[in-house]
Amino acid sequence: DQQVKQNSPSLSVQEGRISILNCDYTNSMFDYFLWYKKYPAEGPTFLISISSIKDKNEDGRFTVFLNKSAKHLSLHIVPSQPGDSAVYFCAASLYNQGGKLIFGQGTELSVKP
Amino acid sequence: GAVVSQHPSRVICKSGTSVKIECRSLDFQATTMFWYRQFPKQSLMLMATSNEGSKATYEQGVEKDKFLINHASLTLSTLTVTSAHPEDSSFYICSAQGVGNSPLHFGNGTRLTVT
């Protein structure tokens with residue numbers, strides 16, 4: 001039972017364009033969502049997060065949108081850069097279990113120069 | 001910034017042997033460490049949560065006698081895969097959390113291959 005789903009295993013985008021990575025979840029009790037970025041042979045690194053009381057959080061080129069009614073969140077990267085090429089994982093956590101994350105399967109983003 | 005060191009990065013072992021994986025927080029005290037496993041094309045799956053000085057809490061379906069976790073200090077947790085079998089071949093990754101709700105930091109993972 002996959003509680004956090006990333007249905008697109010890969011995404012290819014031209015440099016300078018917008019990258020949109022999507023994530024769906026099933027558990028309405030999740031209250032905190034995170035995006036991690038992972039390069040080959042390295043562990044995931046934290047990118048951006050959003051609390052369930054918000055619908056948008058922005059940090060430089062990265063913006064995360066949360067639609068609670070649809071149980072959907074998305075990560076927008078604009079403008080996309082070749083260095084953004086990596087696997088992106090969304091993750092969710094329950095209240096007071098902040099370190100216990102439920103991950104999606106990941107989406108491999110490729111930004112072409 | 002905070003760094004989590006995981007060792008070894010890659011290990012090949014024979015079926016029936018045991019393998020120990022170390023996870024160290026290098027510049028902060030990790031009150032809680034988490035162990036994940038990732039099979040190809042799948043998500044990171046939480047195996048267990050370990051708190052310093054107490055027994056680990058295992059997720060459903062994870063055998064505690066097979067995956068021994070020790071969190072003896074605030075900077076070190078170890079995962080031992082006992083009597084490894086080929087189906088245990090996977091990518092194992094740890095994460096560490098400091099006090100309160102501080103962010104998680106991940107190690108670089110260990111690629112285990114059991115022949």
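For the residues A:Ser49, A:Ser110, A:Ser80, A:Ser69, the requirement of being assigned to a strand (DSSP E or B), more than 23 Å from B:Pro40 (Cα to Cα) and either over 14 Å from the mean Cα position of the chain (by Cα) or polar (S, T, N, Q) (or both) singles out A:Ser49. Is it the case that some residue within the stretch A:89-103 is modelled with pLDDT of 95 or more and over 24 Å from B:Arg37 (Cα atoms)? Taking every residue of the stretch A:89-103 in turn, none turns out to be modelled with pLDDT of 95 or more and over 24 Å from B:Arg37 (Cα atoms). Would a scan of the stretch A:8-25 turn up a residue that is loosely packed, with under 14 Cβ neighbours inside 10 Å, in contact with an Asp or Glu (Cβ under 7 Å, 6 or more places away or on another chain), within 19 Å of A:Asp84 (Cα to Cα) and touching a residue at least 12 places away in the same chain (Cβ under 8 Å)? The answer is yes; a qualifying residue exists. Annotation note: of B:Ile69, B:Ile93, the sole residue that is buried (at least 16 other Cβ atoms within 10 Å of the Cβ), of a type in the set (Val, Ile, Thr) and away from chain A (no Cβ under 12 Å) is B:Ile69.
The values are calculated or read from the model by the stated rules, or taken from the named source; none is laboratory data. Here the structure is a predicted model, which means the values were calculated and not measured. Using ideal geometry, Cβ is built from the backbone for each residue, glycine included, and neighbour counts are taken over all protein chains shown.
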